[in-house]
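Chemist: I'd like to ask you about the structure that follows.
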Amino acid sequence: HLTSSVGYRVDPGTGLGGVIFKTGEPMIIENYQEWDKKLVLSAFEQIYSVVGIPLVSGSRIEGVIGLSHHEPDQTIDPEIIAILEEFAAIAQIAIDNAKLFEKQKKEFERRITLEQERKEMEAKLYQSQRMESIGTLAGGIAHDFNNILSSIMGFTQIAMGETDADSRLAEDLTEIYNASLRARDLTRQILTFARQTDEEVNPLRLSL
């Protein structure tokens with residue numbers, strides 16, 4: 001019959017549980033219906049003699065264990081308090097163990113999270129170092145290739161100047177030179193990637 005009262009909020013000092021939460025002391029009430037601090041709920045209309053024991057964890061009251069009679073002529077034997085206190089002690093151990101388990105669970109989850117973050121940082125660092133190594137290698141190759149291209153372009157221009165402009169050879173040399181220009185642009189892109197900076201071209205005024 002207490003199902004309808006599940007979730008009901010009890011303020012400190014109100015009802016058996018509220019008074020025990022406030023005082024921290026066990027209580028026996030001979031007639032709950034005549035008690036001035038009773039809870040006015042249909043679920044408690046049949047409660048008469050009642051006893052309550054606080055559940056303490058550390059210095060904090062976590063709950064109340066109660067036992068009651070539903071017959072007006074029945075009373076609670078004071079010795080029952082000793083039995084309930086023993087039961088409360090066992091319950092308190094269970095509460096403390098549950099808290100410890102929850103604390104250990106949170107610490108375990110925290111360590112798992114930290115370990116995952118560490119692995120992610122290591123992976124990012126490895127990727128960064130790998131990209132830096134690739135950039136250094138690419139930069140070195142591109143630099144050497146650029147030197148080769150400079151020789152090809154230079155000698156091609158010399159050959160073009162010594163060749164009849166209308167000849168088939170001049171057309172071939174022009175194709176070689178244009179391909180060298182495209183290769184030079186590609187080399188510049190590789191060098192820019194290797195430096196991880198954007199190449200900027202700015203106009204320069206030459207004063208004679």
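The values are calculated or read from the model by the stated rules, or taken from the named source; none is laboratory data. Source: prediction; values computed, not measured. All Cβ positions, glycine included, derive from the backbone under ideal geometry; neighbour counts span all protein chains shown. For the accessible areas, the whole protein counts, side chains as well, though only heavy atoms, and no ligand, DNA or RNA atoms are used. Shrake-Rupley method; radii C 1.70, N 1.55, O 1.52, S 1.80 Å.
Chemist: What about Ala165, is it farther than 30 Å from Ser128 by Cβ, out of contact with any helix residue (DSSP H, G or I) (no Cβ under 8 Å at 6 or more places or on another chain) and not in a helix (DSSP H, G or I)? Steps first, please.
Modeler: Working: farther than 30 Å from Ser128 by Cβ: yes; out of contact with any helix residue (DSSP H, G or I) (no Cβ under 8 Å at 6 or more places or on another chain): yes; not in a helix (DSSP H, G or I): yes.
The answer is yes for Ala165.
Chemist: (1) out of contact with any Gly (no Cβ under 7 Å at 6 or more places or on another chain); (2) under 30 Å from Gly15 (Cα atoms); (3) open to solvent by less than 90 Å² (accessible area, probe 1.4 Å): which one isn't true of Ala123, the others all being true?
Modeler: (2)
Chemist: With the checklist (1) touching a Lys or Arg at 6+ places or on another chain (Cβ under 8 Å); (2) farther than 30 Å from Leu186 by Cα in hand, flag the one item Glu115 doesn't pass.
Modeler: (1)
Chemist: Ala179 fails exactly one of the following numbered conditions: (1) open to solvent by 70 Å² or more (accessible area, probe 1.4 Å); (2) free of Cβ contacts under 8 Å to residues at least 40 places away in the same chain. What is the number of that condition?
Modeler: Here Ala179 meets the rest and fails (1).
Chemist: Whether any residue in segment 183-191 is surrounded by 13 or more Cβ atoms within 10 Å (Cβ to Cβ) and not in a helix (DSSP H, G or I) is what I want to check.
Modeler: Checking segment 183-191: not a single residue is surrounded by 13 or more Cβ atoms within 10 Å (Cβ to Cβ) and not in a helix (DSSP H, G or I).
Chemist: I'd like the full set of residues that are of a type outside the set (Ser, Thr, Tyr) and out of contact with any strand residue (DSSP E or B) (no Cβ under 9 Å at 6 or more places or on another chain), limited to segment 47-67. Show your work before the answer.
Modeler: First, pick out the residues of segment 47-67 that are of a type outside the set (Ser, Thr, Tyr): 47, 50-56, 58, 60-67.
Selection gives Gly58, Arg60.
Chemist: Tell me which residues, restricted to segment 136-169, are surrounded by 14 or more Cβ atoms within 10 Å (Cβ to Cβ), without any contact (Cβ under 8 Å) to a residue 40 or more places away in the chain and of a type in the set (Gly, Ala, Ser).
Modeler: Ala159
Chemist: Would you check which residues across segment 13-57 are in contact with a Pro (Cβ under 9 Å, 6 or more places away or on another chain) and of a type in the set (Ser, Thr, Tyr) and list them?
Modeler: Thr23, Tyr48, Ser49
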